[in-house]
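Report on the structure given below.
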Amino acid sequence: METPSYVTTTFKDTIAFVEFFHPASNSFPSSQLAELTNAINALNSNNEVRVIVLKSAGEKAFCAGASFDELLQVSNLEQGGHFFSGFANVINAMRKSNKIIIGRIQGKTVGGGVGLAAACDYTFATKNASIKLSELAIGIGPFVIEPAVSRKIGKPALAEMTLDAENWKSADWAFDNKLFTELFDDATQMDEALEKFATRLSSYNPEALYEMKKVLWEGTENWDTLLKERAAISGKLVLSDFTVNALNAFKGK
């Protein structure tokens with residue numbers, strides 16, 4: 001029997017571990033994006049928590065981005081905007097969280113998953129964590145996640161990654177371009193280093209951590225509006241014949 005999708009929060013001392021899973025390579029339907037947004041927001045009022053670790057289950061994929069099944073069901077602009085607002089809401093929740101967020105990127109990451117990695121304040125990854133922004137290949141673009149990705153890797157690297165929409169970039173490329181903060185040969189090494197780092201970070205003054213978080217995200221105050229506008233662009237494009245045909249062709253492979 002297939003394991004159902006979930007978003008869970010567990011605690012170890014002053015560290016919260018927010019984990020998500022979906023049987024389709026940890027891709028996200030809109031309902032699960034809402035769950036993840038709520039899980040991150042809920043931790044703002046938990047004064048015992050100082051650090052959040054964002055992770056996914058399994059070994060091969062960190063996140064495969066948006067659910068293609070749900071994308072194919074979008075039939076009007078309102079539905080399209082609502083669906084893509086899901087990633088906007090998660091990124092804004094991460095941006096406005098009063099906790100430092102550490103990303104654990106254990107495997108391949110596509111589309112919206114790259115946006116989640118970019119919205120983390122510090123990221124640990126393995127050399128299996130290759131990345132891809134494939135949106136142009138299906139007739140849309142990474143418009144919602146672009147501000148978060150550009151903030152980390154810059155516009156030249158974003159252009160290289162986005163326009164080469166059908167090829168993977170290696171984890172080393174992501175590390176060299178600052179999407180990944182630390183890179184390890186395997187998950188065991190990564191998890192050992194992550195636990196030490198998170199434990200040390202969580203011992204710091206929580207008020208200082210929060211003030212540092214605000215400094216790190218200076219200049220993003222307009223993102224509540226900006227990301228919704230970007231979601232509307234994607235919501236319009238997903239209705240095009242080009243995108244519908246591309247999604248069906250992809251599913252048929």
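For the range 53-80, the set of residues classified as of a type in the set (Gly, Ala, Ser) and surrounded by 21 or more Cβ atoms within 10 Å (Cβ to Cβ) consists of 56, 61, 64, 65, 66, 67, 80, listed by residue number.
Residues of the range 181-216 that are assigned to a helix (DSSP H, G or I) and of a type in the set (A, V, I, L, M, F, W, C): 187, 190, 193, 194, 197, 198, 201, 208, 209, 212, 215, 216. Only residues that are closer than 18 Å to residue 227 by Cα, crowded, with 18+ Cβ neighbours inside 10 Å and at pLDDT 95 or above were counted across the range 116-150, and they come to 14.
The set of residues in the range 223-237 that are in contact (Cβ under 8 Å) with a residue 12 or more places away in the chain and not basic (Lys, Arg) comprises 223, 224, 226, 227, 231, 232, 233, 234, 235, 237. Every condition in (1) exposed (fewer than 12 other Cβ atoms within 10 Å of the Cβ); (2) outside any helix (DSSP H, G or I); (3) at negative phi is met by residue 219 except one, and the failing one is (3). Residues that are more than 24 Å from residue 208 (Cα to Cα) and touching a Gly at 6+ places or on another chain (Cβ under 7 Å) within the range 84-106 comprise 84, 87, listed in sequence order. Does residue 244 count as closer than 23 Å to residue 72 by Cβ, under 18 Å from the mean Cα position of the chain (by Cα), surrounded by 13 or more Cβ atoms within 10 Å (Cβ to Cβ) and not hydroxyl-bearing (Ser, Thr, Tyr)? For residue 244, the condition - closer than 23 Å to residue 72 by Cβ, under 18 Å from the mean Cα position of the chain (by Cα), surrounded by 13 or more Cβ atoms within 10 Å (Cβ to Cβ) and not hydroxyl-bearing (Ser, Thr, Tyr) - is not met.
Selection of the range 9-39 for residues being touching a residue at least 12 places away in the same chain (Cβ under 8 Å) and farther than 24 Å from residue 79 by Cα yields 9, 11, 13, 14, 15, 16, 17, 18, 19. Answer yes or no as to whether residue 174 is part of a helix (DSSP H, G or I), of a type in the set (Gly, Ala, Ser) and surrounded by fewer than 22 Cβ atoms within 10 Å (Cβ to Cβ). No, not satisfied. Out of the range 49-91, which residues are modelled with pLDDT of 95 or more, over 24 Å from residue 247 (Cβ atoms) and out of contact with any Cys (no Cβ under 7 Å at 6 or more places or on another chain)? Residues satisfying the conditions are 49, 50, 51, 52, 53, 55, 57. Mind listing whichever residues of the range 135-153 are outside any helix (DSSP H, G or I), touching a residue at least 40 places away in the same chain (Cβ under 8 Å) and not hydrophobic (A, V, I, L, M, F, W, C)? Those that are outside any helix (DSSP H, G or I), touching a residue at least 40 places away in the same chain (Cβ under 8 Å) and not hydrophobic (A, V, I, L, M, F, W, C): 139, 141. Among strands (runs of 3 or more DSSP E) entirely within the range 1-73, having at least 2 residues that are more than 16 Å from the chain's Cα centre (by Cα) singles out 6-12, 15-21. Of all the criteria given as (1) of a type outside the set (S, T, N, Q); (2) in contact with a Phe, Trp or Tyr (Cβ under 9 Å, 6 or more places away or on another chain); (3) under 22 Å from residue 201 (Cβ atoms), the one not satisfied by residue 94 is (2). In the range 91-114, of all residues being in a helix (DSSP H, G or I) and of a type in the set (Lys, Arg), the one that is nearest to residue 56 (Cα to Cα) corresponds to 95.
When only residues in the range 6-27 that are polar (S, T, N, Q) and out of contact with any Phe, Trp or Tyr (no Cβ under 6 Å at 6 or more places or on another chain) count, which is surrounded by the fewest Cβ atoms within 10 Å (Cβ to Cβ)? Of everything passing the filter in the range 6-27, 8 is surrounded by the fewest Cβ atoms within 10 Å (Cβ to Cβ).
The values are calculated or read from the model by the stated rules, or taken from the named source; none is laboratory data. Just so you know, these numbers come straight off a predicted model, no measurement behind them. FYI the Cβ positions are ideal-geometry reconstructions off the backbone, even for glycines, and counts take in every protein chain you see.
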